[in-house]
Amino acid sequence: MPPHILHRIWVGPPIPDRLAHIGRQWQDMLPGWDHLLWGDDDLGWLANRDLYDRAEELVPADAVGQFRADIARYEILAAQGGVYVDCDLEPLRNIEPLHTHGAWAGWEIDGRVVGNTILGGQPSDPFWTAAVDLLPGSVEANAGRRPNRMSGPHYVTRLRQRHPLHVYPQAHFYPYAHDQLDRHDQDPGDAYTRHLWWHQRTLRGKPVA
């Protein structure tokens, strides 16, 4: 059974109240789990720390936090296992029954793009080890592109072609997409989580109360 640890990452300014509240919701949903919030000062051990430190040179200014969180999430899972969730991912149902694979994720777009907003599995699983080891090459190959191609969902999608990863249906974790922000208050169906798409909302001036 993979470890019962929930990892979240927040780098940069203080975490907004809305996202801190989501962290408390996860604690209520998974009371027997360890809950870790990783910050800048906790990540000096990263194998890809050089990429982390050079983020401002490698990605647009508005994507620095996203890129750094991408780097860290794969290394945390490779080292400790458990479940990683973005700070803007709301829990709706208990995910523990899904946490049974060496490496798992969910489709952000069914059959096309694997999301990296929620990831889980065992420490030292070959998928997470590869995600750490191959990241510098992906950053170099995708120089000038945004993190979603370089280190994020499209990177995970490419890795899945070479390393086993269990992928759950889109409806499990993403009941609406990043370009459907007005659907936030609609019925999420049987979804286990709901992504607020905090960064997209910030860029578009559509905050969630």
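Are any residues in the range 68-84 in contact with a Gly (Cβ under 9 Å, 6 or more places away or on another chain) and of a type in the set (Val, Ile, Thr), and if so, which ones? Correct list: ILE76, VAL83. Residues in the range 44-62 that are within 23 Å of THR202 (Cβ to Cβ) and in a loop (DSSP other than H, G, I, E, B): VAL59, PRO60.
Only one entry in THR117, THR100 is open to solvent by less than 20 Å² (accessible area, probe 1.4 Å), under 22 Å from ALA171 (Cβ atoms) and hydroxyl-bearing (Ser, Thr, Tyr), namely THR117.
Of all residues in the range 134-147, those satisfying the criterion of being surrounded by fewer than 21 Cβ atoms within 10 Å (Cβ to Cβ) and in contact (Cβ under 8 Å) with a residue 24 or more places away in the chain are LEU134, PRO136, ALA143, ARG146.
Condition test on GLY106, is it within 19 Å of TRP198 (Cα to Cα) and either free of Cβ contacts under 8 Å to residues at least 40 places away in the same chain or open to solvent by less than 30 Å² (accessible area, probe 1.4 Å) (or both)? For GLY106, the condition - within 19 Å of TRP198 (Cα to Cα) and either free of Cβ contacts under 8 Å to residues at least 40 places away in the same chain or open to solvent by less than 30 Å² (accessible area, probe 1.4 Å) (or both) - is met. Screening the candidates ALA79, ALA72 for the property of being in a helix (DSSP H, G or I), within 14 Å of the chain's Cα centre (by Cα), small (Gly, Ala, Ser) and modelled with pLDDT of 95 or more yields one hit, ALA72. If the condition is being assigned to a loop (DSSP other than H, G, I, E, B) and surrounded by 15 or more Cβ atoms within 10 Å (Cβ to Cβ), then the range 5-29 contributes TRP10, VAL11, ILE15, PRO16. Restricted to strands (runs of 3 or more DSSP E) entirely inside the range 115-209, those with at least 2 residues that are modelled with pLDDT of 95 or more are 118-121, 166-168.
The values are calculated or read from the model by the stated rules, or taken from the named source; none is laboratory data. Note that the structure is a prediction, hence the values are computed from the model and not measured. Positions of Cβ are backbone-derived with ideal geometry, glycine not excepted, and every protein chain shown enters the neighbour counts. Surface areas here come from the heavy atoms of the whole protein model, side chains and all, with no ligands, DNA or RNA. Shrake-Rupley method; radii C 1.70, N 1.55, O 1.52, S 1.80 Å.
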